[in-house]
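The block underneath contains the structure these notes are about, expressed in structure tokens.
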Amino acid sequence: MSDIPLKEFLEQRIDDLQSSVNDKLTALDSAREKAEQQMNKRLEGMNEFRETLSDQAARLMPRTEYDFAHKSLDEKVRALEAALAKSPTKSEIETAQKVLEEKIRNLELAKANQDGRGAMISALTSASISIIVGVVIFVISRYVIK
């Protein structure tokens, strides 16, 4: 008789332990699921970060390419600065313009003088020829025709 209560006690104890183990397994399973969900969220975040880095790497210019382009632009800027340093200043341009305008005025005046001289020479030549022709006609009519 004493076996039965002990047997029941042990069965009860085994059932309690089994129930406790099942509860712990359920809790562990729930904890594992939560940990798995957290891990999946973390991996998704890491994947998004990885994709962002990949996009940046695809869009950003490599350092060597930047250095090459920057060096080329720097050389062009230096060439432009050198050209600007050699170019005349505004006052130099204005002075040169005044000198050229004065030379143009002098050339226009010289041309006008030449045109006036040419017209005078033409008029004098025409008058001289007319006088000579008149004298020749007078002489011929007076001495040759009689």
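General observations
- The combined condition, being under 44 Å from the mean Cα position of the chain (by Cα), surrounded by 10 or more Cβ atoms within 10 Å (Cβ to Cβ) and free of Cβ contacts under 8 Å to residues at least 24 places away in the same chain, is fulfilled by LEU43.
- Yes/no for GLU75 being modelled with pLDDT of 90 or more and among the acidic types (Asp, Glu): yes
- Test for ASN22: is it of a type in the set (S, T, N, Q), at negative phi and more than 43 Å from the chain's Cα centre (by Cα): yes
- Residue check, ALA27 over 60 Å from the mean Cα position of the chain (by Cα) and surrounded by 10 or more Cβ atoms within 10 Å (Cβ to Cβ): yes
The values are calculated or read from the model by the stated rules, or taken from the named source; none is laboratory data. What you see is a predicted model; the values in this text were computed from it and never measured. Cβ coordinates were reconstructed from backbone atoms using ideal geometry, including for glycine residues, and neighbour counts include every protein chain displayed.
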